[in-house]
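The values are calculated or read from the model by the stated rules, or taken from the named source; none is laboratory data. Bear in mind that the values here come from a model prediction, so they are computed numbers and not experimental data. Here the Cβ is made from the backbone with ideal geometry for all residues, glycine too, and neighbour counts use every protein chain on show.
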Amino acid sequence: MKVEISDWVHAKTRNGELIHGFVDGLDEEQRMANVFVVKSDNDESVGKSILVREQWVRKLPTYALEDAEAIQSLIDIALSTKDDQWFEELTLKLQSVSKAEGTNKGQSLSRTSFTNRLRYKV
């Protein structure tokens, strides 16, 4: 199968719904993936697991979590899906990214040399 459990995917159901979610189960024999839906064009599907054919599933690209705003969005998803472990991982990552961003801001200020209008270093 081209997807694995925990992969984020876009998929189309047999009813033609477009869904966005993560794989929470696989049936290798029948080539089906069970997708937990977090977003859909059919609001009734959100929060449910739907069985989808492998050929209708497209894996979403992964990216590095280095942006605090993106991590906060993922924390919202972790809360809405009630995934405690993922929430804890993301919270720790957000703390380390925020600390690194704060350190970088402090470093950039300390390296900057300020001068007054008479060009004396302040």
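Can you find a residue in segment 91-103 that is in a helix (DSSP H, G or I), over 26 Å from Lys2 (Cα atoms), in contact with a Leu (Cβ under 7 Å, 6 or more places away or on another chain) and not β-branched (Val, Ile, Thr)? Among the residues of segment 91-103, at least one is in a helix (DSSP H, G or I), over 26 Å from Lys2 (Cα atoms), in contact with a Leu (Cβ under 7 Å, 6 or more places away or on another chain) and not β-branched (Val, Ile, Thr), which makes the answer yes.
Looking only at segment 46-69, residues that are at pLDDT 90 or above and within 30 Å of Gln95 (Cα to Cα) come to 3 in all.
Looking only at segment 1-19, residues that are under 21 Å from the mean Cα position of the chain (by Cα) and assigned to a loop (DSSP other than H, G, I, E, B) come to 6 in all.
Table: residues versus (1) loosely packed, with under 11 Cβ neighbours inside 10 Å; (2) in contact with a Lys or Arg (Cβ under 7 Å, 6 or more places away or on another chain).
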| site | (1), (2) |
| --- | --- |
| Glu29 | yes, no |
| Ala33 | no, no |
| Leu65 | no, yes |
| Lys82 | yes, no |
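Only one of the numbered conditions (1) over 18 Å from Leu90 (Cα atoms); (2) within 18 Å of the chain's Cα centre (by Cα); (3) assigned to a strand (DSSP E or B) is violated by Phe22, and that is (1). Scanning segment 34-84 for residues that are in a helix (DSSP H, G or I), touching a strand residue (DSSP E or B) at 6+ places or on another chain (Cβ under 9 Å) and not aromatic (Phe, Trp, Tyr) turns up Ser45, Glu54, Ile77, Ser80.
What's the total number of residues in segment 18-59 that are among the charged types (D, E, K, R) and under 23 Å from Leu74 (Cα atoms)? Residues flagged as among the charged types (D, E, K, R) and under 23 Å from Leu74 (Cα atoms) within segment 18-59 amount to 8.
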